[in-house]
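What follows is a set of notes on a single structure, which appears directly below.
Computed from the coordinates by the stated procedures, all read-outs in this text should not be read as laboratory data. Everything quoted here is computed from the prediction, not taken from an experiment. Reconstructed Cβ throughout: ideal geometry from the backbone, glycine too, with neighbour counts over all protein chains shown.
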């Protein structure tokens, strides 16, 4: 293993990820809690939760078009400025018309979801222009660790601050975090050699519409069988993972009778595991194909799924079950990093830079589409069946699915065919 040596560029990126994730995480926690306390309604809470995914789905073609067409630094700066103005507008509007809090909060959620989609997709598509290919594993791993740390700390600090200040002041605090990220974005150093590469475009291509841009992304996926398999399988895996997202909270609280504090500790251990996994992966040098590493760890994840339901038949105390799920969720977090990071790094290198915006936007949307379906299916199953068979069958199905994907990739020699195209290609548009 190697020691972690952080360049100034890496530190800038990590500051952007942490300030953005921590600030928005605190605000998200506060808005959800505020809506729940004011409305006392699960429906009101549900509306606030579903607003973001709906906006993301509607934005998919536009995000890809903007990221692949316009200057990346300017897109990120515009997103940060819009976020800050939206927060400022919400804060003053809430002070003037506090009775209209629900509409104001939904409006804020819409603005933040729009700007976050543009910022996160642009930042992901910019990594191959900000770092050399041999740095991507470490950068992506540390990115994951910092994001997990922000996710872990945000609700803890958010709960403390929530008792001290009003929701409008939360928005003003969030502006401070957004301005730190904005200031840091201005100092990101894009590669000059890449920035100067521009397309040899005709008049027709220079007036490409949003729909033409979006359709080109679909055309790319249709022609790239490996990419198509990876994206569709990622969506399917997210469907299976809904079993844990839906079932574990229900199982721990309703069946195993863990207290709210005990459940909170087990839940936070997932972020701890992802933080540790990111640090561990950043110290390692992968010796096998990133796709194989990801799918091997999906196999390990399947075993974790099966293990989740085992306490149902062991009749353990609540304290022992808490320790068991702290260990299991920590392991789960580590495994998730070893699934997502190598696969994400590989896609960053495989996808042409001038198409990364639309492809990453499509990937996110396709993955997200099956998650509500998984939530409905597994929510129904956990209402009518015991937990152990659901977790066990889900784990077994995931093993079968993962094995079939790996065998398909091996038989068609898709991983061998992609070796020559795994190096980043020069973009056909302005990136900085």
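Normalised by 2.2 N^0.38 Å, where N counts its residues, the alpha-carbon radius of gyration of the chain equals 1.00.
Spatially, the stretch 291-325 and the stretch 99-123 are offset by 35 Å when compared through their Cα centroids.
The listed peptides 319-326, 388-395, 273-280, ordered by packing as a protection proxy, come out as 273-280, 388-395, 319-326 (highest mean of other Cβ atoms within 10 Å first). Each listed q (0.17, 0.19, 0.23, 0.24 Å⁻¹) maps to a log10 I(q)/I(0) for the stretch 371-421, found by the Debye formula over equal Cα scatterers with no solvent: -0.67, -0.72, -0.85, -0.89. If you wrap the tightest convex hull around every Cα atom of the stretch 82-131 and split its volume per residue, you get 56 Å³. Hey, what D do you get for the stretch 81-171 in µm²/s if you plug the Kirkwood alpha-carbon radius into Stokes-Einstein at 37 °C and 0.692 mPa s? The diffusion coefficient I find is 210 µm²/s. For the chain, what is the mean residue ellipticity at 222 nm derived from helices alone (per DSSP H run of n ≥ 4: -39500 (n - 2.57); sum divided by total residues; nearest 500 deg cm²/dmol)? Dividing the helical sum by the residues of the chain leaves -27500 deg cm²/dmol. How big, in percent, is the set of alpha carbon pairs in the stretch 246-299 lying more than 14 Å apart? Counting every Cα pair in the stretch 246-299, those more than 14 Å apart make up 68 percent. Across the chain, C-alpha contacts under 8 Å between residues 6 or more apart give a mean separation that, scaled by the residue count, equals a relative contact order of 29 percent.
Taking 7 Å steps out from each Cα toward its Cβ at residue 366 and residue 317 produces label points 5.0 nm apart.
Counted over the stretch 1-192 with a bin width of 5 Å, the fraction of Cα pairs per bin, in whole percents, is 1, 7, 15, 19, 20, 16, 10, 7, 3, 1, 0, 0.
Each peptide in 61-67, 233-239 receives the mean, over its residues, of other Cβ atoms within 10 Å, and ordering these scores from highest gives 61-67, 233-239. The convex hull built on the alpha-carbon positions of the stretch 350-391 has an orientation-averaged projected area of 4.0 nm².
Calculate, for residue 292 and residue 71, the FRET efficiency according to 1/(1 + (r/R0)^6) with r their C-beta to C-beta distance and R0 51 Å; round to the nearest 0.05.
After rounding, the FRET efficiency stands at 0.90.
Convex hull volume of the C-alpha atoms in the stretch 210-422, normalised per residue: 131 Å³.
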